[in-house]
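Heads up, the thing below is written out as structure tokens.
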Amino acid sequence: MGANFPLTEAVYYILLSLKKPMHGYGIMQNVEKLSGGRLHLAAGTLYGAISSMLEKGWIATASETGDSRKKEYRMTDAGLQVLKDEYARLQELVNNGKAVLEDAQ
Amino acid sequence: MRTKVRKWLWAWQFDEEEAWLNEMAQKGKVLVGYRLGTYEFEDCEPGEYTVRLEMLEEWPTTAKSQDYIRFVEDTGAEMVGRIMKWVYFRKKTEDGPFELHGNYAARIKHLRSIITLLVPLMIFNTFIGFYNLFIGITFPSVINIICGIVNCAVSVLLAGGLRKLNEKKKQMEKDAQLFE
């Protein structure tokens, strides 16, 4: 397993959101929706995560949208690979949890 | 209507400051500006706004800080004041929750940057304080002795503040081992 794991919940959900281009506030709203209102990203945390992910090349700036000056971001192929690897890791956690907990019942 | 309130809070009291500003907003007074020791409020609906403050990594006028401030404002918040590296934001409650630092790592980093700023200030003050006392006693000089005492008092104050910040940081580091 690579040195990138485990991802934080925020990074995992940001990657999930960026299958299509989105700006910061859009990501915030989408993550809240995806998590059923459980996870609300703090503005500073989101900004920090986006900056680091841009540096690592997991996401890229899509374009500045026409109607406003808001920056949009999209997931890169490298980001998609990171997301897939994390998904596999999470699945392992869930499968093992399932095996133990459901055996116990 | 605008109201001015004079109140002095130290950098290490930022949690108390934020809590107080939100209490004011709950009472229908929201922050619109800050100048050293004076807070300016305007009337709002009680609970209409959430107020947050933080110390930026760089001065608010740098490109990096401007980019960050713009990002936060794009999420529906508005910067209402700044002093040195500190900035004050408000956001309408109906536009959703408003947090700047969501997890322990971010809060610890924020605390660390405040500590990093205050430690040299304390060391500098202590040094100047002892130097002044030394001069004041060697060549009897009341002014140097008074300055020396003031410098030392400021150092003691800073040391107390730093202790509080360190305790807060330690507690967070413990919690960070359990939670994100």
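Some points to look at:
- P(r) tail for region B:30-103: Cα pairs beyond 17 Å make up 44% of the total.
- Overall dimensions of region B:1-42 as given by Cα atoms, namely Rg and Dmax in Å: 9.8, 31
- Length gained when the stretch A:Lys19-A:Gln91 is fully extended (0.36 nm per residue, less Cα-Cα span): 23.9 nm
- Phi-derived couplings, Karplus 6.51 cos²θ - 1.76 cosθ + 1.60 at θ = phi - 60°, listed residue by residue for region A:28-39: 4, 5, 5, 5, 5, 5, 4, 8, x, x, 6, 9 Hz, with x used for Gly and Pro.
- Percentage, to the nearest whole number, of Cα pairs in region B:104-176 over 14 Å apart: 64
- Solvent-accessible area, 1.4 Å probe, carbon plus sulfur percent, for region A:8-57: 54
- Buried accessible area, chains B and A (both chains, 1.4 Å probe, Å² to nearest 100): 1500
- For chain B, the fraction of alpha-carbon pairs lying more than 29 Å apart is 34 percent, rounded to a whole number.
- Backbone geometry of region B:46-57 corresponds, through the Karplus equation with coefficients 6.51, -1.76 and 1.60 at θ = phi - 60°, to 3J(HN,Hα) couplings of x, x, 5, 10, 10, 10, 9, 9, 7, 9, 7, 5 Hz, x marking Gly and Pro.
- Gain upon complete extension [B:Gln66, B:Met79; 0.36 nm per residue less C-alpha separation]: 3.6 nm
- Accessible surface calculations at 1.4 Å, restricted to protein heavy atoms, place chain B at 58 Å² per residue.
- Using only alpha carbons, chain A has a radius of gyration to Kirkwood radius ratio (Rg to Rh) of 1.05.
- All Cα-Cα distances of region B:101-142, cut into 10 Å bins from zero to the largest, leave 26, 26, 20, 15, 10, 3 percent in each bin in turn.
- Here the gap between B:Ala176 and B:Arg2, fully extended at 0.36 nm per residue and compared with their Cα-Cα distance, gives a gain of 58.5 nm.
- Between the amide H of A:Ala42 and those of B:Gly102, distances stay under 5 Å, these residues lying 5 or more places away or on another chain, with hydrogens modeled in the peptide plane.
- In this calculation the C-beta distance from B:Arg163 to B:Thr116 is compared with R0 = 22 Å, giving a FRET efficiency of 0.90.
- Shape analysis of the protein assembly as shown yields a ratio of the Cα radius of gyration to the Kirkwood radius, Rg/Rh, of 1.07.
- Accessible area per residue in Å² at 1.4 Å probe, computed on chain A: 59
- 17 Å reach of a label modelled at A:Thr8, 7 Å along Cα-to-Cβ, counting backbone N of region B:73-112: B:98-112
- Accessible surface of region B:104-176, 1.4 Å probe, proportion on carbon and sulfur as whole %: 75
- GluC sites (Glu not before Pro) restricted to DSSP loop in region B:1-104 with at most 16 other C-beta within 10 Å: B:Glu48, B:Glu57, B:Glu58
- Expected 222 nm ellipticity per residue - DSSP helices of 4 or more, -39500 (n - 2.57), all of the protein assembly as shown, to 500: -19000 deg cm²/dmol
The values are calculated or read from the model by the stated rules, or taken from the named source; none is laboratory data. Bear in mind that the values here come from a model prediction, so they are computed numbers and not experimental data. Ideal geometry is used to build each Cβ from the backbone, glycine not excepted, and the neighbour counts take in all protein chains shown. With ligands, DNA and RNA removed, areas are computed over all heavy atoms of the protein, side chains included. Shrake-Rupley method; radii C 1.70, N 1.55, O 1.52, S 1.80 Å.
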